[in-house]
Amino acid sequence: MTQQDFTRFRRLALAALASTSFLGCAIRFYPPTPLPEPRRDRLVVHPEFRVGVLRFGYDGDRDVARDAALVAAQRSVPAVLLEELARGERFSVFEGNNLGEDENAFTAENAHRFVDAYISGTILAESRNDLCFEARLTNAHTHEVLFVSSLCVPDRSSGTGSSPAPGPIRGFAHRLEDAVPMIDKANVIAAEDRLLTLDVGHDRQVQRGMVGFLTATGGVVIDPTAEEAVEELTGKLPQFTTDLTVVGEFYVIDVSSEKSVAYLYSGDYARLGDTAFFK
Amino acid sequence: MMANFQKIQRSLHLHPLGLMLGATLLSGAPACRGDRGDLAILAIGAQNDPCRRMTPEGERREAKILVEHGRFYLDRAHQQRRRSGLIFASQCFRSALSITPQSYDAHLGLGITHLELAKHYSSPRLWRKDITLAKRFLGNAYRIRRGDLEPIYFLAEVAVIERKHDIAVTLLDTLVKQGAFLGPAHVLFGFICEREGRLDEASLHYEHAALAGIPERSAVYAVEHGFDITERRGAR
């Protein structure tokens, strides 16, 4: 190695050493950048209140297995009720008896896999002229009864069939629809993991057992000073139109006069400032 | 280990279903860590398949997997302080953006990746390109979710690198007022004060950051720099 080569090599080595240490300094120079927060999964939810109708039971002394009229009544009352509810726009209606099979069949226990609430009922009395029944609207997750009422209707049956008069059942269906008031939206004013507090309560007709979904609007503050600073830094950037991201589904577990507490049964977690939409 | 790697490689070639399967296997195969880079490139290459026919739901799922991969590389680069992971991360986020151009996660991830890349350089001549890209993608993320506090923090870091301290302070004030990103925001405040020679104020911010204590690396930085400042003040 000549003296010239050695000098060149020494210069190169020094330059490499200097750049390495300089880069090292640069890496250590700035404070560490934290990683972005864990994301919440986007959910696809049914925006309407889903209701499934179960076959009615019988509470009496007659032998259901041998009583064709009673069996017909057990089927016809839910069928007429279903027809009336499907005509209305309040609920998205599902015919429970045809959903799922075997252990996945639609029953009160696993109704939450298909719907938000189910309608079950009991035939109280069945005679040649009258048919009396009780119907209940029950939250599919908590099994808390949201509405219960009984009704006697004229039975226009012939032979072993059963044909309850639709008029009174129509009125009954409207009462069922009114049992779950339509509430537009609410804000999450406190959130701790899966429990969230909403800024609506009895004052807005919120009831225990009502269901809804949550959109990711939390952690957002429109601060004009910050907006100006962002624009000064980034310059004019294109505007984006964004849809609301659904990040959870909840049901109400406690209601006070102006607030209510809900439980997030699907989704990751709730954040302060998220928007809740009731079904 | 090798068999596992080959299995993943094979499944990636069977696009587009294989991409999903390969990506899933990739995320659950710690044994072939060394080959992840190659596999990621393979996966990203498969994205450009012109025969790809995906439903919107399928595309959304694919973009989500790519964002998760981007975050994985970003996380690894963050822990090991290596530049190579950042390149893979940026490729993943860019592929996610090509499928879902309005993805907040992809814009934010890409912005953070370029911010981290910029921090590897000392001279403005070298970091200018990355900082410009970081500003663009973080700005997009801010506009996609207008008012979200998360991009505000990262934009404050960009402002600090560009030595635009007044903008950084405005952005950090917003975060501290809302109690968001408290630890890192105070660290950055401390850094600005230290740079401007206001050591007492800097020390106070580092104390606040250490008390906030999250995330861990920011807290460690705050404690170390708190000591640094005390020593320097003692030496004066």
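The values are calculated or read from the model by the stated rules, or taken from the named source; none is laboratory data. Since we're looking at a predicted model, the values are computed, not measured. Heads up, the Cβs are rebuilt from the backbone with ideal geometry, glycines too, and the neighbour counts pull from every protein chain shown.
Computed values, structure above
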quantity: Scope the range A:66-94; condition in a helix (DSSP H, G or I), closer than 22 Å to A:PHE106 by Cβ and small (Gly, Ala, Ser); matching residues; calculated: A:ALA72, A:ALA73, A:SER76, A:ALA79, A:ALA86
quantity: Test for A:LYS185: is it farther than 19 Å from B:TYR104 by Cβ, among the basic types (Lys, Arg) and within 13 Å of chain B (Cβ to nearest Cβ); calculated: no
quantity: Any hit, the range B:171-186, residues being crowded, with 22+ Cβ neighbours inside 10 Å and in contact with a His (Cβ under 8 Å, 6 or more places away or on another chain); calculated: yes
quantity: Residue in the range B:163-184 that is among the aromatic types (Phe, Trp, Tyr) and closer than 22 Å to B:SER122 by Cα present; calculated: no
quantity: Every residue from the range B:118-148 that is hydrophobic (A, V, I, L, M, F, W, C) and crowded, with 23+ Cβ neighbours inside 10 Å; calculated: B:ALA118, B:ALA134, B:PHE137, B:LEU138, B:ALA141
quantity: Selection status of B:GLU162, within 15 Å of B:LEU138 (Cβ to Cβ), surrounded by fewer than 24 Cβ atoms within 10 Å (Cβ to Cβ) and more than 7 Å from chain A (Cβ to nearest Cβ); calculated: yes
quantity: Count of residues meeting criterion [within 7 Å of chain A (Cβ to nearest Cβ) and within 12 Å of the chain's Cα centre (by Cα)] in the range B:143-153; calculated: 1
quantity: Test: residue in the range A:153-161 that is assigned to a strand (DSSP E or B) and either under 31 Å from the mean Cα position of the chain (by Cα) or free of Cβ contacts under 8 Å to residues at least 40 places away in the same chain (or both); calculated: yes
quantity: Selection count where residues are part of a loop (DSSP other than H, G, I, E, B), within 18 Å of the chain's Cα centre (by Cα) and without any contact (Cβ under 8 Å) to a residue 60 or more places away in the chain, scope the range A:238-271; calculated: 2
quantity: Residue match in the range A:76-87 (condition: within 15 Å of A:GLY171 (Cα to Cα), within 20 Å of the chain's Cα centre (by Cα) and surrounded by fewer than 16 Cβ atoms within 10 Å (Cβ to Cβ)); calculated: no
quantity: B:LEU86 being closer than 21 Å to B:ASP130 by Cα, within 12 Å of chain A (Cβ to nearest Cβ) and at pLDDT below 85; calculated: no
quantity: Residue identified as more than 7 Å from chain A (Cβ to nearest Cβ), crowded, with 24+ Cβ neighbours inside 10 Å and modelled with pLDDT of 90 or more among B:LEU115, B:LEU110; calculated: B:LEU110
quantity: Tally of residues being facing chain B (nearest Cβ under 7 Å) and not in a helix (DSSP H, G or I) across the range A:206-237; calculated: 6
quantity: For B:HIS208: the one exception among (1) farther than 18 Å from A:GLU228 by Cβ; (2) not in a helix (DSSP H, G or I); calculated: (2)
quantity: Some residue of the range B:200-209 being surrounded by fewer than 21 Cβ atoms within 10 Å (Cβ to Cβ) and at positive phi; calculated: no
quantity: Hits in the range B:165-179 - residues which are within 15 Å of B:LEU149 (Cα to Cα) and more than 7 Å from chain A (Cβ to nearest Cβ); calculated: B:ALA168, B:VAL169, B:LEU172, B:ASP173, B:LEU175, B:VAL176, B:LYS177, B:GLY179
quantity: Selection from the range A:249-273 of residues that are surrounded by 19 or more Cβ atoms within 10 Å (Cβ to Cβ) and either on the phi > 0 side of the Ramachandran plot or within 14 Å of another protein chain (Cβ to nearest Cβ) (or both); calculated: A:GLY267, A:ARG271
